[in-house]
Structure formats: C-alpha cells, structure tokens
Amino acid sequence: MKKDDCIFCRIACGEIPSKTLYEDEQFRVILDLGPATKGHALILPKDHAANLYELPEETAAAVMKLAKKMALKMRDKLHCDGLNLVQNNGETAGQTVPHFHLHLIPRYKGDGQNINWVPGKPSQEELEAVRKEITE
Ligand code: AMP
Ligand code: ZN
C-alpha cells in the first residue's frame, strides 16, 4: 500500500518523477539524487514498508533477486570495479528516509568513498557471549 506522506512511495508509484533505471509491478529502481559514486541507485518496493523489519519476506527475497540483476547490468554498462549493497534501518544506522530501500553503489578504483567500519577486537569469550545472546 502507498503512504501519501512518504516521498519514496510517491516516487515508486511515479507520482514524483525520478531517473528510473528499471520498473516492474513490485519495484522501481532509481538513481540516487546524492550519489556516492556514478550510478548509485536505490531499489524501492512500491508497497510501503518502513524498513527491513516491516518488509514482507517474499519482497525481501525479490529485492535480492533484483539486486543481482542490477549488479550485473551495472558491471556490464558502467564497467565498475566493484559494488556495495547498503541497507540502513533506523536513524542510528543512518536511515534518513523511512521507506525500505536498498542502495546499489558501484565502486571504481580510487573513487575515494569509504563504506567500511572500524573493526573491533573481541575475545573468543566476548564473541561467544554475543552468539548466545542472539541465539538463545
Ligand atoms: P538512507 O540514508 O539509507 O535513508 O538513504 C536515503 C538516500 O535517498 C540518500 O542516499 C539520498 O541521497 C537519497 N534520496 C533522498 N531523496 C531522494 C529523492 N527524492 N530522489 C532520489 N534519491 C533521494
Ligand atoms: Zn513509503
């Protein structure tokens, strides 16, 4: 369902124009207006879901299938050297638009972007405690 006050709903349904790379019944893929690199795109489901927690399982599976298709197209057409998939959930994680979207970020040698994190150095005991916390 479309949410009238959601900008990505309005873009996904075509009410607000966008640079569309692909569209089908379920999704629209658009160029990001503030691209990290050339070709930075967003996969938008047409039905509103605020984030991954709310996204129906079938849609989640379909998103990844489409991401693979788009990744191959970007590699072939843009000749990128790599590609990051990024998907933010919640403000703390950097989500600024509360409508699920998957970033496709083509990467080029020397593009100066840094989509990485500072690795921690947990002990085996600390890792085990986290494993238990999540699984038990
Ligand atoms: P996130 O921080 O994961 O919520 O990503 C939101 C992304 O949407 C950012 O990369 C923005 O540049 C992009 N964005 C915001 N508004 C628009 C818009 N109207 N059209 C295209 N991209 C947008
Ligand atoms: Zn929406």
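The values are calculated or read from the model by the stated rules, or taken from the named source; none is laboratory data. The model shown is predicted, which means the values in this text are computed figures rather than measured ones. Neighbour counts are summed over all protein chains in view; Cβ atoms, including those assigned to glycine, are modelled from backbone coordinates with ideal geometry. Accessible surface is based on the protein model in full, side chains and every heavy atom, while ligands, DNA and RNA are left aside. Shrake-Rupley method; radii C 1.70, N 1.55, O 1.52, S 1.80 Å.
Here are the numbers:
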{"item": "Sole exception among (1) open to solvent by 60 Å² or more (accessible area, probe 1.4 Å); (2) part of a loop (DSSP other than H, G, I, E, B) for Asn51, by number", "result": "(1)"}
{"item": "Set Leu42, Leu21: member being open to solvent by 30 Å² or more (accessible area, probe 1.4 Å), more than 9 Å from ligand 2 (Cβ to nearest atom) and not in a loop (DSSP other than H, G, I, E, B)", "result": "Leu21"}
{"item": "Any hit, the range 8-15, residues being surrounded by 15 or more Cβ atoms within 10 Å (Cβ to Cβ), in a loop (DSSP other than H, G, I, E, B) and among the small types (Gly, Ala, Ser)", "result": "no"}
{"item": "Filtered residues of the range 83-136 (kept if part of a helix (DSSP H, G or I) and either within 25 Å of Asn51 (Cβ to Cβ) or at pLDDT below 95 (or both))", "result": "Glu91, Thr92, Ala93, Val130, Arg131, Glu133, Ile134, Thr135"}
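Residue-by-condition table, conditions (1) in contact (Cβ under 8 Å) with a residue 12 or more places away in the chain; (2) touching a Pro at 6+ places or on another chain (Cβ under 9 Å); (3) of a type outside the set (Gly, Ala, Ser):
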{"site": "Lys2", "(1), (2), (3)": "yes, no, yes"}
{"site": "Cys6", "(1), (2), (3)": "yes, yes, yes"}
{"site": "Glu15", "(1), (2), (3)": "no, no, yes"}
{"site": "Glu25", "(1), (2), (3)": "yes, no, yes"}
{"site": "Arg28", "(1), (2), (3)": "yes, yes, yes"}
{"site": "Ile43", "(1), (2), (3)": "yes, no, yes"}
{"site": "Asp47", "(1), (2), (3)": "yes, yes, yes"}
{"site": "Leu52", "(1), (2), (3)": "yes, no, yes"}
{"site": "Thr59", "(1), (2), (3)": "yes, yes, yes"}
